[in-house]
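Novice: Below is the structure I would like to discuss, written out as structure tokens.
The values are calculated or read from the model by the stated rules, or taken from the named source; none is laboratory data. Remember, predicted model here, so these are calculated numbers, not experimental data. Virtual Cβ from ideal backbone geometry, glycine too; neighbours counted across all protein chains shown. When the accessible area is computed, the model is the full protein with side chains, heavy atoms only, and any ligands, DNA or RNA have been set aside. Shrake-Rupley method; radii C 1.70, N 1.55, O 1.52, S 1.80 Å.
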Amino acid sequence: SGDALSVRTPIGGDLLRQVEARPSIFTPNGDGRNDLLTFAFQLREITTPSPVTLKLFDLAGHLVHQLPSMTVQSGQFEQPWDGRDGAGRLLAPGTYVYKITLHAEQQEHQLGSFALAY
């Protein structure tokens, strides 16, 4: 009470947070609606620029694409993807798994899934 000011901040926990792919079903067919999938995530308590990689796998576990690595510090980030592999070909419709990895002093990763249709 009185003239004291306090700020509550989280201590501990995951450094890589609020990871999502949106929309969960995307349709890169060129009609201007849901043509891009956006991977969004939040990093906290990262004071040294650290690489974040995002890899995409089919359900058999084969790597189908790796997005360019980002070197970032704490904050909120988004990385769009157009549904194409490294050779520029659209991936086949289906369900895919993504793995986002923070390469820092304490390495962390999260997995998620999305569907591609057209």
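Novice: In the range 48-62, which residue that is assigned to a strand (DSSP E or B) and not polar (S, T, N, Q) is most open to solvent (accessible area, probe 1.4 Å)?
Specialist: For the range 48-62, the residue satisfying everything is K55.
Novice: Shifting gears a bit: With the checklist (1) part of a loop (DSSP other than H, G, I, E, B); (2) modelled with pLDDT of 95 or more in hand, flag the one item Y98 doesn't pass.
Specialist: (1)
Novice: Would you point out the residue of the range 26-47, among those that are under 20 Å from Q110 (Cβ atoms) and touching a residue at least 40 places away in the same chain (Cβ under 8 Å), that is surrounded by the fewest Cβ atoms within 10 Å (Cβ to Cβ)?
Specialist: The selected residue is T38.
Novice: Would you check which residues across the range 71-95 are assigned to a strand (DSSP E or B), open to solvent by 40 Å² or more (accessible area, probe 1.4 Å) and either touching a Gly at 6+ places or on another chain (Cβ under 9 Å) or aliphatic (A, V, I, L, M) (or both) and list them?
Specialist: Passing the criteria: only L90.
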